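The values are calculated or read from the model by the stated rules, or taken from the named source; none is laboratory data. All values reported here derive from a predicted model rather than from experimental measurement. Backbone-built Cβ (ideal geometry, glycine too); neighbour counts: all protein chains shown. We work out accessible area using only protein heavy atoms, side chains counted, and drop any ligands, DNA or RNA first. Shrake-Rupley method; radii C 1.70, N 1.55, O 1.52, S 1.80 Å.
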Amino acid sequence: MPVTDMETIVRAAEVIVSARHMVALTGAGISQESDVPTFRGNDGLWRQYDPMELATPEAFKRDPGLVWEWYSWRQGLIANCRPNPAHTTLARWARDGLLKALITQNVDGLHERAGSEDVIEVHGNLWRVRCTECDYRAHLSAPASGVPECPECGALLRPDVVWFGEALDAAVLARVWQELHLADACIVIGTSAVVYPAAQFPATVKSQGGAVIEVNVEETPLTPIADVHVRGRAGEVLPAIDRAIAALRGQ
Ligand code: OAD
């Protein structure tokens, strides 16, 4: 798919350069070019698997072995994926001060691997586990095998991700609202914008007078409120915007 027209890229670059506090919201689409499956695309996970059987507390209670089998498979798949230019561009924008906060719905850890240091992961992280009974938490360096048990109390460990029907972590959400209320621009990359509360974050920035840039291969429910809709693949669009920023700054 060709990158959108140059005029749109330059408009996005202008918004970014003039923003005082830009935040980014990313979804599965940013990792699509790293070969991580999305959820709702043609090959999306939720087209092949039933989330109610795999990503709910009830499913875990019913069959922890099945749920862990699915998460271990995803861990194995992601272990072989690499960050793409969209991830690395965001990491550099943060280092350069252009991006003040990176909020992701992704659990794949690719933003960290691209060098982003402070990622607000609203849906958790596939590489973390936590105990279903006590406060134990740990980071996995390799895919889990079988159903792991807590080394402290012996109860079952679960992936430290947010499942359907669960609330987002209150401290994480508080941090998100803090950033959104400071924001005068929001760049939204590769999300279908149908899962709440994340889907509502860009509208919050918009409602306080901020600008919204959307980068996606298709239109979403967010497109009508976007000041700039950049149609294209994130791994191509973000470097193109980056080059336009450099041109605007005379670099
Ligand atoms: P989705 O799979 O719902 O949407 C992915 C979006 O990325 C779509 O809008 C695609 O058009 C777009 N897209 C695909 N490839 C792209 C590319 N190369 N460049 C740019 N855009 C591209 O994923 P999310 O919106 O992240 O939650 O889904 C939100 C949440 O739903 C997930 O975090 C997950 C899921 O259920 C939990 O597991 C709690």
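From the list PRO57, PRO64, which residue is more than 15 Å from the ligand (Cβ to nearest atom), surrounded by fewer than 22 Cβ atoms within 10 Å (Cβ to Cβ), at pLDDT 95 or above and not assigned by TED's automatic domain parsing to the domain that holds VAL176?
Residue meeting the stated conditions: PRO64.
For segment 121-134, enumerate the residues that are under 9 Å from the mean Cα position of the chain (by Cα) and of a type in the set (A, V, I, L, M).
Selection gives VAL122 alone.
For ARG113, all conditions in the list (1) more than 23 Å from GLY44 (Cβ to Cβ); (2) surrounded by fewer than 17 Cβ atoms within 10 Å (Cβ to Cβ) hold save one; what is the number of the exception?
Among (1) more than 23 Å from GLY44 (Cβ to Cβ); (2) surrounded by fewer than 17 Cβ atoms within 10 Å (Cβ to Cβ), ARG113 violates only (1).
Is at least one residue of segment 72-93 buried (at least 21 other Cβ atoms within 10 Å of the Cβ), assigned by TED's automatic domain parsing to the domain that holds GLU179, in contact (Cβ under 8 Å) with a residue 60 or more places away in the chain and more than 15 Å from the ligand (Cβ to nearest atom)?
There is at least one residue in segment 72-93 that is buried (at least 21 other Cβ atoms within 10 Å of the Cβ), assigned by TED's automatic domain parsing to the domain that holds GLU179, in contact (Cβ under 8 Å) with a residue 60 or more places away in the chain and more than 15 Å from the ligand (Cβ to nearest atom).
Could you tell me whether ALA19 is touching a Pro at 6+ places or on another chain (Cβ under 7 Å), touching a residue at least 12 places away in the same chain (Cβ under 8 Å) and open to solvent by 20 Å² or more (accessible area, probe 1.4 Å)?
Criteria not met by ALA19.
Restricting to segment 156-198, name every residue that is of a type in the set (Phe, Trp, Tyr) and either over 22 Å from ALA19 (Cα atoms) or open to solvent by less than 40 Å² (accessible area, probe 1.4 Å) (or both).
Of everything in segment 156-198, those that are of a type in the set (Phe, Trp, Tyr) and either over 22 Å from ALA19 (Cα atoms) or open to solvent by less than 40 Å² (accessible area, probe 1.4 Å) (or both) turn out to be TRP163, PHE164, TYR196.
Here's a check for you: in segment 119-145, which residue that is open to solvent by 50 Å² or more (accessible area, probe 1.4 Å) and touching a helix residue (DSSP H, G or I) at 6+ places or on another chain (Cβ under 7 Å) is nearest to LEU102 (Cα to Cα)?
Result: PRO143.
One line per residue, one yes/no per condition, for (1) in a helix (DSSP H, G or I); (2) more than 29 Å from ARG82 (Cα to Cα); (3) away from the ligand (no atom under 12 Å from the Cβ); (4) without any contact (Cβ under 8 Å) to a residue 12 or more places away in the chain:
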site	(1), (2), (3), (4)
LEU157	no, no, yes, no
GLY165	no, yes, no, no
CYS186	no, no, yes, no
VAL205	yes, yes, yes, no
GLU214	no, no, no, no
VAL230	no, no, no, no
VAL237	yes, no, no, no
ALA240	yes, no, yes, no
GLY250	no, yes, yes, yes
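Does at least one position in segment 31-47 carry a residue that is modelled with pLDDT of 95 or more, assigned to a helix (DSSP H, G or I), in contact with a strand residue (DSSP E or B) (Cβ under 9 Å, 6 or more places away or on another chain) and not charged (D, E, K, R)?
Checked segment 31-47: no residue is modelled with pLDDT of 95 or more, assigned to a helix (DSSP H, G or I), in contact with a strand residue (DSSP E or B) (Cβ under 9 Å, 6 or more places away or on another chain) and not charged (D, E, K, R).
Taking the condition of being of a type in the set (A, V, I, L, M) and open to solvent by 30 Å² or more (accessible area, probe 1.4 Å), how many residues in segment 94-107 meet it?
Adding up the residues that qualify gives 1.
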